[in-house]
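Working notes for the structure below.
The values are calculated or read from the model by the stated rules, or taken from the named source; none is laboratory data. Everything numeric here is computed off the predicted structure, so don't read it as measured data. Cβ atoms come from the backbone with ideal geometry, glycine included; neighbour counts cover every protein chain shown.
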Amino acid sequence: MSNIINYDEFNRQLIQNKIGITAAELHGFLSGILAGGNYDESWRPLVEDMLNNGEKMPASLDEKISQLYTHIKQQFFDEDFSFQLLLSDKDLYSQLDDLVGWVNHFLLGIGLVQPKINHIKGDVGEAIYDLRQIVTLGYDETEDQQELGFAFEEIKEYVRITSMLCFDEFNESDIIPTIH
């Protein structure tokens, strides 16, 4: 994803425009909207409401957000399971914080599109429950870095797979294009 969106540069742009979330949180929010089954232009007002009190975004930021949205959408529709989370590549603690923020905003996005998300049963219902538990995760900086890093990678992969599971659940198969 780095060729599409540079995490640090995108974060700087969000801060410069006084947007109070990180690139990871925005990616999670957009991913939640898409995973919830909303893939038309109605995502824009949701983003503007959340990020900018319902006001239009500055053109350069709006373009970056549109690029990010399009990239996420392409990844979800890709049959090669190429969907990836956009997280900081800095230290482990920054990545852990980003992951928790990503999941929190994913749940917000999917909840806006699927208001009855609390009543979903089966694998998807369990996965949503697990995501809610991930949001409450914490860490102790005295923990073994190697073990913490291993746990982070496992949780990150679980979140990635869960996101694709939600996308498959809430998006009709007839709208998913066949790629030859």
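Observations on the structure shown:
- Residue 149 more than 17 Å from residue 34 (Cβ to Cβ) and either under 16 Å from the mean Cα position of the chain (by Cα) or surrounded by 12 or more Cβ atoms within 10 Å (Cβ to Cβ) (or both): yes
- Filter result (free of Cβ contacts under 8 Å to residues at least 60 places away in the same chain and aliphatic (A, V, I, L, M)) within the stretch 76-109: 96, 100
- Qualifying residue in the stretch 142-149 (condition: among the acidic types (Asp, Glu) and either assigned to a helix (DSSP H, G or I) or in contact (Cβ under 8 Å) with a residue 60 or more places away in the chain (or both)): yes
- Count - residues of the stretch 101-127 that are surrounded by fewer than 21 Cβ atoms within 10 Å (Cβ to Cβ), β-branched (Val, Ile, Thr) and either modelled with pLDDT of 95 or more or not in a helix (DSSP H, G or I) (or both): 1
- Selection from the stretch 1-40 of residues that are farther than 18 Å from residue 99 by Cα, of a type in the set (Val, Ile, Thr) and assigned to a loop (DSSP other than H, G, I, E, B): 4, 19
- Here is the figure for the stretch 57-94: residues that are under 17 Å from residue 163 (Cβ atoms), surrounded by 13 or more Cβ atoms within 10 Å (Cβ to Cβ) and charged (D, E, K, R) total 1.
- Single unsatisfied condition, residue 95 versus (1) closer than 20 Å to residue 47 by Cα; (2) of a type in the set (S, T, N, Q); (3) touching a Leu at 6+ places or on another chain (Cβ under 6 Å): (1)
- Being assigned to a helix (DSSP H, G or I), out of contact with any Cys (no Cβ under 7 Å at 6 or more places or on another chain), within 22 Å of residue 95 (Cβ to Cβ) and not polar (S, T, N, Q) is a property that residue 134 has.
- Residue in the stretch 45-61 that is under 14 Å from the mean Cα position of the chain (by Cα) and within 30 Å of residue 116 (Cα to Cα) present: yes
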